[in-house]
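This report refers to the structure that appears directly beneath it.
Nothing in this text is a laboratory measurement; each read-out follows from the coordinates by a stated rule. Note that the coordinates shown come from a computational prediction; the quantities given were computed from them, not determined experimentally. Cβ sites come from the backbone with ideal geometry, for glycine too, and all protein chains shown count toward neighbours.
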Amino acid sequence: MAAEDSSAPPSARFEEVLTISNRIEELSNSENEYEEMGTVANEHESANIAFINSITVPIRDKFQTETSMVQDDTLGEVLLFLEGNPNDFPLNNFGLPQLQRAKHKSFLEKAIGDYEPHMAPLDAARPWYTYWSLQGLSALGEDVSTYRDRVIATFKQCQHPEGGFGGGYGHLPHLAATYAATLSIAMVGGEAAYECINRKAMWHFLGRMKQADGGFTMAPGGEEDIRGAFCALVAMSLLNLPLELPPDAPARQQGLTNFLDNLGDWVSRCQTYEGGISAAPGNEAHGAYAFCGLGCLSIMGPPKETLNKYLDVPSLIHCLSSRHCAPECGYNGRTNKLVDGCYSHWIGGCWALVEAAAGKGLWNRGALGRYILSAAQFKKGGLIDKPGKRPDSYHTCYNLSGLSAVQHEYVFDEDVNSDIGQDNLGAPFHWKAEKQVEEGKVWGDEDVVAETHPVFVIPSQAATDCRKYFEANPGF
Ligand SMILES: [Zn+2]
């Protein structure tokens, strides 16, 4: 694309489309023939091009680097999909590709199935593949309780006798695997699934991960980062675990008594000069760590209290807003990085939490919806990072979760589910999906995905049912 001149249209395709449509008009000699030649699609293309033009960022320096050249190439590829319909998908009323529900469902069903021997390196990611597939299917409106027996069979063997879940059978426990396993079990639901978790051993395992400075390590002797803090609190909140540290928790020797000791201050130290949130104090801000940090604070208490107490919220908003790539319409994860569909969730999912703390209307939902529908759907099913990439269950899950964040408005309200979540990290059970969003709407009814809990990223009912069960059965 001709990017040197910032006053030029964002894509040479704009000229190309106009030329083609003129030629079609000249050659047509009947009204039927005119329609068959796809003028409706061109009309939509023109509308989409006008939108893309309206958000083009005019500031650009002329210094070329490897990064700027890759950015130009990416923009060129993405624009083809935003302005046209190279996959030949059926279009919705806004001229954007419809959500290819059946194809994505089929892709995710394969992703949760059996794998060829050469896929053995994925063995350590069983909980993730299960979680991504189940959450993706849930977003598509599928009933995933049909996977209950398989999920129980898998996670019984991934659970470590001393607590927590490993990535595969007989593996050491790890907080990322524990997070994905807990969410998968909550999604399939039911007593048999809930009861396969050894909560007492889990409590001891989480106690061993708690560090004196407030954070959590991911595994025994492993790295301490904000994923650990978030994953640990997700498990504690869903399973209604006691907040006091177990007697054998090493952090007790440094005077800590509670899982939340020093935690808010530790998350606070992860906020960087850019306003975003990093893996650990002193690191670079990153989209996925922002979601982990905000999720962690939103479990500790109502976001309006915890985010404003521990973060500089205006600078956080500045950083998250800066992740929105224009005119690509999707998000990137860091400064100077490329647009990527998984940040539809990692950044797109932050907004419900930030808006609960700072007020509504902070982001462009329509633009993100446009990226997901136009540029992130793979022709044969599954969703992707960006055009040219292959689909995988990770990007399928997080594009669909991002689309859910786009289409639904979540409100934190203490009166919601007031019969549960009164203690032990109960704050996240007081959200409701208020209504489907109309502002910036670029999706038809056929493109609407299911609501997703803004903190747990599973269906809200699954989270509520799990917590209710463990409030009714709190003992070990
Ligand atoms: Zn990605």
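Taking 0.36 nm per residue of separation and subtracting the Cα-Cα distance, full extension of the segment from L243 to I59 would add 61.2 nm. Estimated from the Cβ-Cβ distance and a Förster radius of 30 angstrom, the FRET efficiency linking D114 and Q461 is about 0.55. Between the alpha-carbon centres of the stretch 425-476 and the stretch 222-288 there is a gap of 23 Å. What the phi angles of the stretch 382-389 give under the Karplus curve with 6.51, -1.76 and 1.60, with θ = phi - 60°, is a coupling list of x, 10, 10, 5, 7, x, x, 9 Hz, glycine and proline written as x. Taking 7 Å steps out from each Cα toward its Cβ at K379 and N308 produces label points 5.2 nm apart. By the beta-carbon count within 10 Å of each Cβ, the least crowded to most crowded order of S68, S404, S278, fewest first, is S68, S278, S404. Exposure proxy for R148, R365: other Cβ atoms within 10 Å of each Cβ, ordered fewest to most, give R148, R365. Take every pair of alpha-carbon atoms less than 8 Å apart whose residues are at least six positions apart; their mean separation over the length of the chain yields a relative contact order of 16 percent.
Over the chain, the pair-distance histogram of Cα-Cα distances with 20 Å bins from zero comes to 24, 54, 19, 3, 0 percent, rounded to whole numbers. Over every Cα atom in the stretch 125-180, the radius of gyration and the widest Cα-Cα span, Dmax, amount to 11.6, 36 Å. From least to most packed, judged by other beta carbons within 10 angstrom and beginning with the fewest, Y169, Y394 follow the order Y169, Y394. Legend: P(r) of the stretch 113-261 from all alpha carbon pair distances, 10 Å bins from 0, whole percents, reading 12, 42, 31, 13, 2.
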